[in-house]
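Here the structure comes first, spelled out in structure tokens, and everything after it is commentary.
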Amino acid sequence: DTAVSQTPKYLVTQMGNDKSIKCEQNLGHDTMYWYKQDSKKFLKIMFSYNNKELIINETVPNRFSPKSPDKAHLNLHINSLELGDSAVYFCASRKGATNEKLFFGSGTQLSVL
Amino acid sequence: DAKTTQPTSMDCAEGRAANLPCNHSTISGNEYVYWYRQIHSQGPQYIIHGLKNNETNEMASLIITEDRKSSTLILPHATLRDTAVYYCIVPRFNDYKLSFGAGTTVTVRA
């Protein structure tokens, strides 16, 4: 069983559309994250939830809205997609805050045309 | 996160040990050093972490200097599959945030 799974793996869409990426972890972790990796390959943290509570909200356009229905799921909804949103989005999870390793999903490659 | 400095890139011959340095001179006493790697098109993968003692697992060894201002990740017998970007990270103690820098691009050559 995949520990952190994301769907879809690839997402191609038109500018202006609204789309969602889903993430699920079966590790029993309390903390989940969304990272964005752009064409320059830098991994930037976007959001983090701990026990369904938003604890990290980096400078991200408010078109991006994370939602955590329960501890095992963290979804990312993006409104009014723009060309600059094209990137690979990674979900990750870990048990707590400190001294715990991060487990990543395999990524969702979003292409906005 | 404490600032870390890594070389931009390095090459390694297959079968030889790869030694990846990292400077973290502003590290605090209770902050751990973590190493992750990202193989092309995959999600980052945890390798190892340590506080002050040297650590070893099935993937690598981590050597931390006595003053804790630098560390070295050692891949004992590099293979072509070890070609990846390697990240050295020192997250602030008790902080949920884990930030990735540019890392070191390691190319293992046959």
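Some observations on this one:
- Among the residues of the range A:84-113, those that are under 14 Å from A:TYR10 (Cα atoms) and among the polar types (S, T, N, Q) comprise A:SER86, A:SER106, A:THR108, A:GLN109, A:SER111.
- Scan the range A:82-99 for residues that are surrounded by fewer than 21 Cβ atoms within 10 Å (Cβ to Cβ), touching a residue at least 60 places away in the same chain (Cβ under 8 Å) and more than 8 Å from every other protein chain (Cβ to nearest Cβ) and the total you get is 4.
- Candidate set: the range A:1-27, residues that are polar (S, T, N, Q) and more than 17 Å from A:HIS73 (Cβ to Cβ); chosen: the one surrounded by the fewest Cβ atoms within 10 Å (Cβ to Cβ): A:GLN14
- For B:TYR87, the conditions (1) over 16 Å from B:THR26 (Cα atoms); (2) more than 14 Å from every other protein chain (Cβ to nearest Cβ); (3) hydroxyl-bearing (Ser, Thr, Tyr); (4) buried (at least 19 other Cβ atoms within 10 Å of the Cβ) all hold with the exception of (2).
- Residue in the range B:3-44 that is surrounded by the fewest Cβ atoms within 10 Å (Cβ to Cβ), counting only those that are farther than 15 Å from B:THR72 by Cα and touching a Phe, Trp or Tyr at 6+ places or on another chain (Cβ under 6 Å): B:ASN30
- Test for A:ASP70: is it at pLDDT 95 or above and more than 14 Å from chain B (Cβ to nearest Cβ): no
- Residue in the range A:57-64 that is within 9 Å of another protein chain (Cβ to nearest Cβ) and within 21 Å of B:GLY43 (Cβ to Cβ) present: yes
- Some residue of the range B:34-41 being of a type in the set (A, V, I, L, M), within 26 Å of A:MET46 (Cα to Cα) and in contact (Cβ under 8 Å) with a residue 12 or more places away in the chain: yes
- Residue match in the range B:55-64 (condition: surrounded by fewer than 15 Cβ atoms within 10 Å (Cβ to Cβ), at negative phi, touching a Phe, Trp or Tyr at 6+ places or on another chain (Cβ under 7 Å) and more than 10 Å from chain A (Cβ to nearest Cβ)): no
- Pick from the range A:28-53, criterion exposed (fewer than 13 other Cβ atoms within 10 Å of the Cβ) and assigned to a loop (DSSP other than H, G, I, E, B), ranking: nearest to the other protein chains (Cβ to nearest Cβ): A:LYS40
- A:TYR10 within 24 Å of B:VAL85 (Cα to Cα) and away from chain B (no Cβ under 11 Å): yes
The values are calculated or read from the model by the stated rules, or taken from the named source; none is laboratory data. Because the structure is a prediction, the values reported are computed rather than measured. Quick reminder, even Gly has a Cβ in these numbers, built from the backbone with ideal geometry, and neighbours come from all protein chains shown.
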